[in-house]
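Just so it is clear, none of the values below were taken in a lab; they were calculated from the coordinates. On a predicted model such as this, the values are computed, not experimentally measured, just so you know. We place every Cβ from the backbone using ideal geometry, glycine too, and count neighbours over all the protein chains shown.
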Amino acid sequence: MIEDQIKGRVPDSALDYCLQVYLEAPFTFRISGQRSSKLGDYRFDPRVRSHAITVNEDLNPYQFLITYIHEVAHRRVHEQNRRQKPHGIHWKREFQRLMLPILHPEVFPEEVLRPLARHMKNPKASAAADPNLISALRQFDSEEKKPTLAQLPINEEFEFKRRWFRKLEVKRTRALCLDLQNQKRYLVPLIVEIRTRG
């Protein structure tokens, strides 16, 4: 049962709401291991007409909740019209509509609520694309984490997977980066943890 899976992973004050949105449009739900490329995922299998959502296990309750609602918005938009862009205007509106009932201090602490409210005015494809929101959310991680690529300014250098890169530009959920050794360009997910020269 989904309640057993998400209880303790989202703020207690949001648990009933999470169950409500699930019951309105059910889906298969699974907690995923840590993924460096994404926080959650929505999939539709046309062969069996099933909807599936996953959310990473290593997220703090506030980030878990935002990611869960983000993916539920994908599921709802798919039901309404499959031909929409994954993070287009229909998804943005649905995400905003689903987040509105929980955008208050009973669910999110003030440190998260302010940047989250700003983010929801025009939500990005990933919270990682919003450095202010990611910084606010990371205050509530249970362990000390390295900075993410999203937090690094443009033209700064960083180490990822034992290679050094320069961040060139941001493209939705990834950054275009220059490998300083081979001079090739790569798209690196904004949510990856990095090491800086400092």
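Okay, here's what the table says:
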read-out: Residue (of L178, S135, N81) at the positive-pole extreme of the chain, dipole from beta-carbon charges; value: L178
read-out: Label-point separation in nm, Q181 to K38, each point 7 Å along Cα→Cβ; value: 2.8
read-out: Debye, to nearest 20: dipole size of the chain, +1 on Lys, Arg Cβ, -1 on Asp, Glu Cβ; value: 1260
read-out: Estimated FRET transfer efficiency when R0 is 22 angstrom, pair R47-L19 (beta carbons, to 0.05); value: 0.20
read-out: Within the stretch 149-196: Cβ-based charge dipole about Cα centre, in debye rounded to nearest 20 (Lys, Arg +1; Asp, Glu -1); value: 220
read-out: The stretch 139-174 and the stretch 38-65: distance between their alpha carbon centers, rounded to Å; value: 23
read-out: P(r), alpha carbons of the stretch 64-137 - 10 Å bins starting at zero, rounded %; value: 21, 54, 22, 4
read-out: Local electrostatic count, N132, Cβ distance below 15 Å [Lys/Arg +1, Asp/Glu -1]; value: +2
read-out: GluC sites (Glu not before Pro) lying in DSSP loop within the stretch 76-164, provided at most 14 other Cβ fall within 10 Å; value: E106, E143, E144
read-out: Three-way shape label, the stretch 110-153, alpha-carbon gyration tensor, a/c 1.5; value: oblate
read-out: Cβ-defined net charge surrounding Y62, 14 Å radius [Lys, Arg +1; Asp, Glu -1]; value: -4
read-out: Qualifying trypsin sites (Lys or Arg not before Pro) in the stretch 1-34, DSSP loop, other Cβ atoms within 10 Å at most 13; value: K7
read-out: Kirkwood Rh and Cα Rg combined as Rg/Rh, the stretch 95-198; value: 1.04
read-out: Estimated D of the stretch 153-198 in µm² per second, where Rh is the Kirkwood radius over Cα pairs and Stokes-Einstein applies at 4 °C, 1.567 mPa s; value: 125
read-out: Cα-Cα separations in the chain greater than 32 Å, expressed as whole percent; value: 17
read-out: Helix-only CD estimate at 222 nm, as mean residue ellipticity for the chain, using -39500 (n - 2.57) per DSSP H run (n ≥ 4); value: -9500 deg cm²/dmol
read-out: Out-of-range pairs (alpha-carbon distance over 21 Å; input K85/K121; K38/K161; K146/K167; K92/K121; K38/K124; K85/K167); value: K85/K167
